[in-house]
1. Starting with the fewest neighbours, write out S235, S68, S52 ranked by other beta-carbon atoms found within 10 Å of each beta-carbon.
2. If we count other beta carbons within 10 Å of each Cβ, what is the order of K17, K79, K112, fewest first?
3. Please name which of A158, T241, V178 has its Cα lying farthest along the dipole of the chain towards the positive end, using unit charges on Cβ (Lys, Arg +1; Asp, Glu -1) and the Cα centre as origin.
4. How many nm is it between the label spots at A45 and R219, if each spot is 7 Å from the Cα in line with the beta carbon?
5. Please identify every one of the chymotrypsin sites (Phe, Trp or Tyr not before Pro) in region 165-252 that sits in a loop by DSSP and has no more than 15 other beta carbons within 10 Å of its own beta carbon.
6. Where does each of M173, M1, M190 land when they are ranked from fewest to most other beta-carbon atoms within 10 angstrom?
7. All other residues with a Cβ under 13 Å from the Cβ of R126 taken together, and with Lys, Arg as +1 and Asp, Glu as -1, what is their net charge?
8. From the backbone phi of region 240-245, what are the Karplus-calculated ³J(HN,Hα) couplings (6.51 cos²θ - 1.76 cosθ + 1.60, θ = phi - 60°) in whole Hz, Gly and Pro given as x?
Amino acid sequence: MDLNLAGLNALVTGASKGIGLAVARTLAQEGAQVTLVARDAGRLAAAAAQISEDTGVTPDIIAADLASREGVDLVAAHKGPLDILVNNAGAIPPGDLATIDEGTWRAAWDLKVFGYINLTRALAPRIAARGGVIVNVIGAGAETLSPDYICGAVGNAALVAFTRAYARQFAGMGGRIVGLNPGLVATERMQVFLRSRAAAELGDEGRAAGLTAGLPYGRAATPREVADAVAFLASPRSGYTNGTVVSVHGGA
């Protein structure tokens, strides 16, 4: 199925690794021109080179910290047409209310929650003017609401509400906004986390695979599986999808 993404312009945050890199690569494979945003310029350059080699599309890169006003302004100043924004930057640490102190909580939300909101505010008029779409990669923590991931659960739930609350107004401007809640995804960061957890709970980091055995398919999602869902939601083939948040967790 042709997603009709060829010739469109996409900006992906958190794009130097993991889900963001997979999303950028998938959009490029579908013919979109992509701009990668992340904090680490070296990782960005490596990601851009990898995408160029894999797809023939040479991405633009912007090294920016979206937890800061300066970083958001730097991305917003990037010239050119914009059809697709994929908000994906940010990793909220696990922990319960007693272990996540205020500073950690605020720092996590500055990047993920306020980073998404502030970049949406800055870029929404440009995207809407082209009938474009914003895809917020959020997380299944918004649904499971675990006390051991309280900062992420509350932050993700806020982004789900933000996506739904803004949808009608953004539709009136000409755009679409949707969300996606991945469950456990086999990114490099998640693999490190699972090995650490296996060492702590099972006494052997080599038993990390056993921690995903109880999932419906006996494994975590691949970044590509999440990226494919993002690509469809971002495409004109999903043109009447607005204010919807799709779960991609294998039925967990």
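We did not get these values from a lab; they are worked out from the coordinates using the rules stated. Just so we're clear, the structure is a prediction, and the values are computed from it rather than from any experiment. Backbone-built Cβ (ideal geometry, glycine too); neighbour counts: all protein chains shown.
1. Fewest-to-most Cβ neighbours within 10 Å comes out as S52, S68, S235.
2. Details: K17 18, K79 5, K112 29.
Arranged by neighbour count, lowest to highest, K17, K79, K112 become K79, K17, K112.
3. Among A158, T241, V178, the one farthest towards the positive end of the dipole of the chain is T241.
4. If labels sit at A45 and R219, their model points lie 3.5 nm apart.
5. Y217, Y240
6. Result, fewest neighbours first: M1, M173, M190.
7. Spelling it out: positives minus negatives among the neighbours equals +2.
8. Computed from phi, the couplings for region 240-245 are 9, 8, 8, x, 9, 10 Hz.
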